[in-house]
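A.B. asks: Questions regarding the structure given below will be posed in turn.
The values are calculated or read from the model by the stated rules, or taken from the named source; none is laboratory data. Everything numeric here is computed off the predicted structure, so don't read it as measured data. Here Cβ is always computed from backbone atoms with ideal geometry, including for glycine, and neighbour counts include all displayed protein chains. Heads up: the accessible areas ignore ligands, DNA and RNA and are worked out on the full protein's heavy atoms, side chains in. Shrake-Rupley method; radii C 1.70, N 1.55, O 1.52, S 1.80 Å.
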Amino acid sequence: MNFNINGIFNPENRFWSFIDKIVNLCLLGILWALFSLPVVTAGASTTALFGYTLPLTEDEEGYVWQTFIRTFRKHFVKSTVFWIGILAGGGFLVYDLYCCLHLNVPGALRIVAFAVLVCLMIVFSLTAVWLFPLTVYEDGTIRQTLSRAVVLAVGNPGMTVAIVSLYALFGIAVYYIPVLFMVWFAFFSYLTSYFYRATFRKYLQKED
């Protein structure tokens, strides 16, 4: 039996490639958390995170810091508009739902309004899930990216359910080990990137 000790320390070794990927995801999670601290920059920070994880699914990633900063700057305005829209739109829908449940209105009307609001909240939430990775993958106007996100979210229920399920597991992981919140987010975003990438390659043409 031949034992090649040089193979163990070879940087091309699968084990070290795996360790390198784990370390980079940890660094990525820390960067994401730091750049999200002002809250208003959380959208651009999330887009920058996917700017690294999407290429990572096909081993096309670069250096974590350089890739993150480049994507953060490139898509800052667009991502921030989306993020503010998500906060405002989500707050508006939640407030409407609260009013629907507590205002004195006829029962039938309340049921219809409640059903409509729930459907809107589901579509709104699922669209938000696709916005930031889509911003990375394909350039376009805010309106174009938003409309594509809606179509991808509603038109690919299987992929959307898989992505949401992974983020549900992220929530469970955070519940049990909250101190690793930022690392969990980077790790599960990396896993969802496989689904995003497969869908984008099927329906969209990547723009350099």
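A.B. asks: Translational diffusion coefficient of region 89-208 at 25 °C, 0.890 mPa s, Stokes-Einstein with Kirkwood Rh over Cα pairs, in µm²/s as a whole number.
C.D. replies: Here the translational diffusion coefficient equals 151 µm²/s.
A.B. asks: Hey, how many Å between the Cα centroid of region 67-124 and the Cα centroid of region 18-45?
C.D. replies: After rounding, the separation between the Cα centres reads 25 Å.
A.B. asks: Another question about this same structure. Most mobile of 120, 146, 56 per a Gaussian network model of the chain (Cα springs, under 10 Å)?
C.D. replies: 120
A.B. asks: Along the charge dipole of the chain, pointing to its positive end and built from +1/-1 on Cβ of Lys, Arg, Asp and Glu, which listed residue (131, 173, 62) has its Cα farthest out?
C.D. replies: About the Cα centre, the residue reaching furthest to the positive side is 131.
A.B. asks: A further question on this structure: Using the alpha-carbon atoms, what tilt in degrees (0 to 90, nearest 10) does helix 64-74 show relative to the longest principal axis of the chain?
C.D. replies: 40
A.B. asks: Something else: With r defined as the distance between the Cβ atoms of residue 204 and residue 20 and R0 fixed at 25 Å, what FRET efficiency is calculated, to the nearest 0.05?
C.D. replies: 0.30
A.B. asks: So how much accessible area does residue 20 have, in Å² to the nearest 10, using a 1.4 Å probe?
C.D. replies: The accessible area of residue 20 comes to roughly 80 Å².
A.B. asks: Could you check how much of the accessible area of region 79-201 is carbon and sulfur, as a whole percent, using a 1.4 Å probe?
C.D. replies: 79
A.B. asks: Follow-up. Counting only heavy atoms of protein chains, what accessible area per residue, in Å², does region 39-100 have with a probe of 1.4 Å?
C.D. replies: Counting only protein heavy atoms, the per-residue value for region 39-100 is 48 Å².
A.B. asks: Then there is this: Give the Debye-formula value of log10 I(q)/I(0) at each listed q (0.09, 0.10, 0.15, 0.19 Å⁻¹), with one equal scatterer per alpha carbon of the chain, two decimals each.
C.D. replies: The Cα Debye sum returns log10 ratios of -0.42, -0.50, -1.00, -1.42.
A.B. asks: For the peptides 190-199, 160-169, what is the packing order when you average, over each peptide's residues, the other Cβ atoms within 10 Å and list the highest mean first?
C.D. replies: 190-199, 160-169
A.B. asks: Taking a ≥ b ≥ c as the square roots of the eigenvalues of the Cα gyration tensor of region 19-61, is the shape rounded (a/c under 1.5), prolate (a/b larger than b/c) or oblate?
C.D. replies: Judged from the Cα gyration tensor, region 19-61 comes out oblate (a/c at least 1.5, b/c at or above a/b).
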